[in-house]
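In what follows, a structure is listed as structure tokens, so that the remarks can point back to it.
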Amino acid sequence: MTAPARDELRRLHLINALFAHVTGQDLYLAEQIKSAITFSLAEFEQQTSDHPEFAAQYDAAFNTAAARLLEESFSHLPKHGFFHWDATRTLTAAEPLFARAELMTGLKRLAPFRESTLLVTNLRPALLPPDKRQTPRRKRDYAESLGYIRELAAARTAPSANLNLLFL
């Protein structure tokens, strides 16, 4: 499978996971939402096809647009909570102390919901920057952060709640 096709499939699965409460896991409906987001980013997508080095920026823009669409358009659905945490929002966001504070804010916001989604984006680029050498220490920090976020979400979510934890 080529890289662009793999990226499209990954985006489709992201939309399917984020909007499962709306699509009912129907990939056709997920494709419709993905197409709408892609259409809104059409100019950026054209630049990406002309310059493949912009693919990471397009992915970040796509993820942000999908999260914003979910937050703004489906906030009227009382059954499902949603929180998006971007680990690259600030220079220190991915550091354990700051990450814990921001994630706890999100988990508190999701607590009243029986079903909710916690979307974590850009953790890998924050801890394993593509322009820097991936040392064993950076890889270990990334793996520990993943585990820490999983454990924090499990510990701070009610046993009766269904929390979808998505990493992009």
Requested in this report: Work out how much length ASN162 to LYS79 would gain on full extension: take 0.36 nm times their residue separation and subtract the Cα-Cα distance, in nm to one decimal.
Outcome: 28.8 nm
Report summary line: accessible surface per residue for the stretch 68-168, probe 1.4 Å, DNA/RNA/ligands not counted, whole Å² -> 64 Å²
Query raised in the report: Working out 0.36 nm times the residue gap between THR64 and LYS108, then minus their Cα-Cα distance, what length gain in nm do you get to one decimal?
Result: 13.7 nm
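The values are calculated or read from the model by the stated rules, or taken from the named source; none is laboratory data. Everything numeric here is computed off the predicted structure, so don't read it as measured data. The protein model used for the area step is the full one, side chains on, heavy atoms only, and it has no ligands, DNA or RNA in it. Shrake-Rupley method; radii C 1.70, N 1.55, O 1.52, S 1.80 Å.
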